[in-house]
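**Student:** Below is a structure I'd like to ask you about.
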Amino acid sequence: MAKETRHKTKYPGVFYVEKTHELTGKPEKVYFIRYRKHGKQIEEKAGRQHRDDMTPAKASKLRAMKIDGDLPTNDEVRIAIRAEKEAENARWTIDKLWNEYVRQRGEVTKSLKSDINRYNRYLKDGFGNMETAELRTIEIDRLRSDLLKKLSPQTTKHVLALLKRIVNFSIKKGLCAAPDPRLLHFEMPKIDNVKTESMTSKQLKAFWQALDEEEDQNAASLIRLALATGMRRGALFALKWEDVDFEERFITLRGEAAKKGKTEKIPMAQLAYDILKQVDQGESEYVFPGHDGGKRKEFVRIARRVRDKAGLPKDFRPLHGLRHTFASLLASSGKVDLYTLQKLLSHGSPQMTQRYAHLADEALRRAASVADDVLGGGVALPYISPSAK
């Protein structure tokens, strides 16, 4: 490659070489400056004649500013840019933490899709470029206030809970230090939307009949098992044949599909036993597989079809309603205490089971009223004066 000819100018330390304009193809001067700084000889490009509107005078002024330290050298600029990029890459912003959180979650489930939608719509723009150490209670309060103007308290709570989960994730993984609790507090909106669905005996009979008339009996058995055990959607979809112990009559609820992330066992009553025995056991490892033999991802259409055929209300939720029906019937029977019901439902805390307490209380009142018949029997009891006690 031929060596470029350097042309001097009347300004000390300023020279140029002839180049070709990138667009026009015409000759163009490219100016360079040479100077000494910190005992080091430096030669840098000052700019192009046309593209940068550079002249020898401008190049000379630029050279003087660099010698005086008013402007950094090109190397110093490059080092600063590189350091800035490295610092930016080292910053665990909310956006970066969220991407890592999603990556570690692995499979994109329905709940994760909902979280992704919430993050992109309500958190990314306002919080994505912040670090957890920058979060303050006042910002959380403003977010809650803004969301409540357009969203329900429940949806607002989901968004705030997601942001809190990202913060907790960063602490758990050692990516960020725990924020000072005096500076960051998540106050959730108050929600009173506890919905406990149940079916009357007439509705229950119609529901069983609708299931018997359903064409896809394997899918119908999934719904039957939900009603007979109170199992959650995720546990039913994840149920494998190896989790079903017909001999000991137990069903294993896998930790990876459980809401608490903990593997548990529930007893297999006779009704559940009969339902599972009637399910066709094909080549799939799953009890209720999807069309491809893998893990099932959808059942809503059949559930709604059965619900409508049984004449249940449109707001009766396909699986939540069956879980609540199971719990309500057990609680109101008077034969199952709330602690046992908590274990059967695999609730994480007694508070979650308290929604059925009024049914259990009613069963106790019915039992207590038996004393009227047994002890009273229509006979007036003798009066006992306070002094005789």
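Residues checked against (1) outside any loop (DSSP other than H, G, I, E, B); (2) without any contact (Cβ under 8 Å) to a residue 24 or more places away in the chain:
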site	(1), (2)
His185	no, no
Met188	no, no
Ser198	no, no
Lys202	yes, yes
Glu215	no, yes
Asn218	yes, no
Leu225	yes, no
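**Student:** Something else now. Would the stretch 108-126 turn up any residue that is touching an Asp or Glu at 6+ places or on another chain (Cβ under 6 Å) and either of a type in the set (D, E, K, R) or more than 22 Å from Arg233 (Cβ to Cβ) (or both)?
**Tutor:** No.
**Student:** Then there is this: Of a type in the set (Ser, Thr, Tyr) and under 18 Å from the mean Cα position of the chain (by Cα): does that describe Thr155?
**Tutor:** Taking the combined requirement at face value, the residue satisfies it.
**Student:** Condition first: touching a Leu at 6+ places or on another chain (Cβ under 9 Å), surrounded by 13 or more Cβ atoms within 10 Å (Cβ to Cβ) and within 27 Å of Pro318 (Cβ to Cβ). Can you find one or more residues in the stretch 161-171 that meet it?
**Tutor:** yes
**Student:** Can Glu242 be described as within 28 Å of Ser111 (Cα to Cα) and either in the same structural domain as Phe326 (by TED's automatic domain parsing) or not aliphatic (A, V, I, L, M) (or both)?
**Tutor:** Details: within 28 Å of Ser111 (Cα to Cα): yes; either in the same structural domain as Phe326 (by TED's automatic domain parsing) or not aliphatic (A, V, I, L, M) (or both): yes.
Against the criterion (within 28 Å of Ser111 (Cα to Cα) and either in the same structural domain as Phe326 (by TED's automatic domain parsing) or not aliphatic (A, V, I, L, M) (or both)), Glu242 qualifies.
**Student:** Further, regarding this structure: With Glu22, Glu100, Glu88 as the choices, which residue is under 30 Å from Pro179 (Cα atoms), within 54 Å of the chain's Cα centre (by Cα) and at pLDDT below 80?
**Tutor:** Numbers: Glu22 fails: under 30 Å from Pro179 (Cα atoms); Glu100 fails: at pLDDT below 80.
Going through Glu22, Glu100, Glu88 in turn, the sole match is Glu88.
**Student:** Out of the residues in the stretch 271-298 meeting the condition of being touching a Ser or Thr at 6+ places or on another chain (Cβ under 7 Å) and among the small types (Gly, Ala, Ser), tell me which one is modelled with the highest pLDDT.
**Tutor:** That would be Ala272.
**Student:** Moving to a separate point now. If you go through the stretch 136-165, how many residues are outside any helix (DSSP H, G or I) and under 18 Å from Leu184 (Cα atoms)?
**Tutor:** 1
The values are calculated or read from the model by the stated rules, or taken from the named source; none is laboratory data. Quick caveat, the model's predicted, so the values are computed rather than measured. When we count neighbours, we look across all protein chains shown, and the Cβ atoms used for this are built from the backbone with ideal geometry, even at glycine.
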